[in-house]
Amino acid sequence: FGLYRTLVETTDTQARAIFETNFFGTLRCIHAAVPVMKKQGRGHIVICSSSISEMGLPMYGMYAATKSAQKLITDALRAELCDTHVAVTGVHPTGTDTEFFDHMQRENPVQRNTPRSMRQTPEHVAHCVVKALRDRRPEVWPSRMTRWGLALTTVSPRLRAWMLRRMYHGRTSE
């Protein structure tokens, strides 16, 4: 689930709840699936993280932390299972038109979500995931524009800092 709040305003209870769902929920699924897949001699684990796993967006810092944790365990699991026939794919969509946005808007009407022009349909994300399953790709980035933008900000930390400041100061006042 998502959380729209500054890190300082996020309570320990809220931080634990979002990690319990997004991170530990993923970990429990891995613990249940991997032994079965290893025993049957094949399988494919898909972990849906987010493009936000690459950058701590203002007001979404705790959510980004859970998605980054998912990405890192996906990478580690892929390496740990490299000698098996169990593939591991990480999915990093940008905003996807699902009930997630409606729920987040109800929880906090002043929040700013992914602009509609940058959102993706669930069908588009699903198509990208199915293609990745066929090709046994390690990662899926349904939005090339987002992937390239993140790559650019990775090589330029000053640009990233400038963008994040603008995003934070441009948010709707509460």
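Things to note:
- Cut-off under 5 Å, modelled amide H: who pairs with Leu3 long-range: Tyr63
- 3J(HN,Hα) from dihedral phi, segment 75-92, Karplus parametrisation 6.51/-1.76/1.60, rounded to Hz, x for glycine, proline: 4, 5, 4, 4, 5, 5, 9, 4, 8, 10, 9, 10, 8, 9, 10, x, 10, 10
- Per-residue ³J(HN,Hα) for segment 56-68, Karplus 6.51 cos²θ - 1.76 cosθ + 1.60, θ = phi - 60°, Hz, x for Gly and Pro: x, 6, x, 6, 10, x, 6, 4, 4, 4, 5, 6, 5
- Near Val91, the amide H atoms lying under 5 Å from its own belong to Ile47, Cys48, Ser49, Val140; only residues 5 or more places off or on other chains count, and H is placed 1.01 Å from N.
No lab work stands behind these numbers, since they all come straight from the coordinates. As the structure is a computational prediction, the values presented were derived from the model and not from experiment.
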